[in-house]
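Working notes, beginning with the structure itself.
The values are calculated or read from the model by the stated rules, or taken from the named source; none is laboratory data. Being a predicted model, the structure only gives us computed values, none of them experimental. Cβ coordinates were reconstructed from backbone atoms using ideal geometry, including for glycine residues, and neighbour counts include every protein chain displayed. Ligands, DNA and RNA are stripped out before the accessible areas are found, and what is left, the full protein with its side chains, is counted by its heavy atoms. Shrake-Rupley method; radii C 1.70, N 1.55, O 1.52, S 1.80 Å.
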Amino acid sequence: MLSGLVIVDKPQGWTSHDVVGRMRRIAGTRKVGHAGTLDPMATGVLVVGINKATRLLTYIVGTSKTYTATIRLGESTVTDDAEGEVTATRSAAGVTDDAIRAGVAALTGDIEQVPSSVSAIKVNGERAYARVRSGEEVKLAARPVTIHRFEVHEIRRGNDGSDGDSGAGSEAVDVDVTVECSSGTYIRALARDLGEALGVGGHLTALRRTQVGPYTLDQAHTLEQLAEKLDVLEISDAARALMPNRELSEAETTEISFGRRIAAGATADTPEAATADKPAAAFAPDGTLVALLADAGSYAKPVLVFAPDNEKHGNDKLAGQ
């Protein structure tokens with residue numbers, strides 16, 4: 001059974017769900033999922049799991065991400081990006097380059113961010129964007145995120161709108177940036193907050209995700225390319241890149257394959273110890289992924305077991321034993 005990760009270069013205008021549907025047809029299986037939603041406007045890295053590798057997706061969702069983006073200063077929109085209706089227009093012509101860079105610096109590091117009101121965050125069981133579309137005013141709570149890097153590459157003035165979006169003529173300023181951030185960060189919220197801090201408003205006009213955890217745009221393929229040739233990162237290689245590794249002996253491989261404990265790889269509660277949230281990938285002597293392990297006291301116990309013999313009995317989720 002084909003199992004592994006596919007690094008998709010998501011096209012603009014597609015939802016992440018659209019991509020999963022297309023990948024189900026390409027891979028010939030219903031067991032397909034993705035790690036981390038991209039808005040329809042965005043392009044770039046979408047990590048898709050096939051069959052057994054869907055079990056790795058939960059550990060990929062929480063990894064850091066890197067994006068390239070363009071922020072337009074001088075216009076605010078209801079969605080904080082170019083897909084929403086413009087709600088305010090103010091001249092950004094007087095905003096200096098130094099002020100822009102200072103605003104970016106203030107949004108770097110550990111910050112409290114209010115997500116866009118049209119995000120997929122659930123409010124009382126319903127997506128925020130659905131409540132907004134029904135006419136409700138939604139205000140989401142701020143949440144802590146970390147902006148590891150917020151780098152300005154180019155500041156462009158006097159945009160004439162010829163790029164096909166709304167355009168604010170010579171009054172707008174476009175800022176090309178790279179953002180490396182923790183999971184849960186909204187780049188369009190950064191655009192909004194930068195614009196508001198500068199007193200002119202702002203929104204996102206372009207977004208491309210270039211990296212998710214260890215998986216990069218260099219590994220990505222378009223859906224058209226994948227339809228021609230399905231390029232799959234085999235599950236053992238995918239886990240080896242994603243997590244700390246532990247090489248098992250033959251005896252340890254046998255014990256773990258049956259869901260039994262083995263000696264810990266590191267002392268519990270130390271920085272080196274594997275946990276249920278951040279497990280170690282355990283490999284048999286032949287390089288096959290056997291399980292994900294968490295250290296508990298003097299033992300390591302399986303969080304997930306991938307051994308074929310166990311899968312026949314549906315015994316692949318052993319957390320808490």
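Could you check the spin-label model distance between His17 and Thr87? Points 7 Å from the Cα along Cα→Cβ, value in nm. About 2.4 nm, to one decimal.
The length gained on full extension between Ser298 and His148, counted as 0.36 nm times the residue separation minus their Cα-Cα distance, comes to 50.5 nm. Ranking Val177, Val61 from most to least accessible surface, computed with a 1.4 Å probe over the protein chains only, gives Val61, Val177. May I ask you to derive the FRET efficiency for Ser64 and Arg260 from their Cβ-Cβ distance with R0 = 41 Å, giving the value to the nearest 0.05? Result of the calculation: an efficiency of 0.75. Taking the Cα centre of each part, how many Å lie between the range 193-271 and the range 64-86? Comparing the Cα centres of the range 193-271 and the range 64-86, I get a distance of 27 Å. Length gained on full extension, Leu230 to Ala251, computed as 0.36 nm times the residue gap minus the Cα-Cα distance: 4.0 nm.
Between Leu2 and Ala241, the contour length at 0.36 nm per residue exceeds the alpha carbon distance by 84.2 nm. Separation of the alpha carbons by more than 21 angstrom is noted, of Lys10/Lys229; Lys278/Lys301; Lys31/Lys229; Lys31/Lys65, for Lys31/Lys65. The heavy atoms of Tyr67 present about 20 square angstrom of accessible area, all protein chains included, probe 1.4 Å.
Under 20 Å from a point placed 7 Å out from the Cα of Arg156 along the Cα-to-Cβ direction: which residues of the range 6-50 have their backbone N that close? The answer is 12-13, 41-44.
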